[in-house]
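Everything below concerns the one structure shown next.
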Amino acid sequence: MGLFNSSSRQLVETFLANSNNLIAQNRVVIVPRQVNLDFIERYGLRIGTIYRMVAALTFAEYVKGPNPDRNHEGEWIWVFIRREGQRGLYFKLQIRLEMLFIISIHESKENK
């Protein structure tokens, strides 16, 4: 599949470990996109809950990445989908500027 659609387990787990370290340091930005804000409001999510959801992601929930970020040259984006009952939760994440950016958090429009 190649680097940009499929990654090794070790690379994904390294990304997740780095993400968890940034969460532990409170170095996280939730990008205020409307779809994210609507999802957070609809389910009454608190920041700590969102951080715990991201920190609990595993290789089994990995979908794709690292994919090049078209808005930040030389940066990479990772996608995960976690099953919660009948719905999938979509996470698009990036580590940039020594911060974890939660670019997307909402219900998945696709099946894993």
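So which residues in the range 90-104 are of a type in the set (Val, Ile, Thr) and more than 16 Å from Gly48 (Cα to Cα)?
Residues satisfying the conditions are Ile95, Ile103.
Within the range 69-112, the only residue that satisfies the criterion of being at pLDDT 95 or above, more than 21 Å from Pro32 (Cβ to Cβ) and either out of contact with any Gly (no Cβ under 8 Å at 6 or more places or on another chain) or of a type in the set (Phe, Trp, Tyr) (or both) is Trp76. Of the residues making up the range 38-77, those that are aliphatic (A, V, I, L, M) and more than 17 Å from Leu100 (Cα to Cα) number 4. The numbered conditions (1) under 18 Å from Arg33 (Cα atoms); (2) open to solvent by less than 70 Å² (accessible area, probe 1.4 Å); (3) aliphatic (A, V, I, L, M) are all true for Ala56 except (1). Only a single criterion out of (1) touching a residue at least 24 places away in the same chain (Cβ under 8 Å); (2) open to solvent by less than 70 Å² (accessible area, probe 1.4 Å) is not satisfied by Lys64, namely (2).
On the given criteria, is Leu89 under 19 Å from Asn18 (Cβ atoms) and touching a helix residue (DSSP H, G or I) at 6+ places or on another chain (Cβ under 8 Å)? Spell out how you get there, then give the answer.
On the way: under 19 Å from Asn18 (Cβ atoms): no; touching a helix residue (DSSP H, G or I) at 6+ places or on another chain (Cβ under 8 Å): yes.
So Leu89 does not fit the description; no.
Give the range 89-103 a look and list any residue that's surrounded by fewer than 18 Cβ atoms within 10 Å (Cβ to Cβ) and either in a strand (DSSP E or B) or in contact with a strand residue (DSSP E or B) (Cβ under 8 Å, 6 or more places away or on another chain) (or both), or say none. If the condition is that a residue be surrounded by fewer than 18 Cβ atoms within 10 Å (Cβ to Cβ) and either in a strand (DSSP E or B) or in contact with a strand residue (DSSP E or B) (Cβ under 8 Å, 6 or more places away or on another chain) (or both), then Arg96, Met99 are the ones that fit. Selection over the range 53-112 of residues that are closer than 19 Å to Tyr43 by Cβ and among the charged types (D, E, K, R) gives a count of 8.
Please tell me if Gln94 is of a type in the set (S, T, N, Q) and more than 10 Å from the chain's Cα centre (by Cα). Answer is no for this residue.
The values are calculated or read from the model by the stated rules, or taken from the named source; none is laboratory data. Just so it is clear, the model here is predicted, and its values are computed rather than measured. Neighbour counts are summed over all protein chains in view; Cβ atoms, including those assigned to glycine, are modelled from backbone coordinates with ideal geometry. For the accessible areas, the whole protein counts, side chains as well, though only heavy atoms, and no ligand, DNA or RNA atoms are used. Shrake-Rupley method; radii C 1.70, N 1.55, O 1.52, S 1.80 Å.
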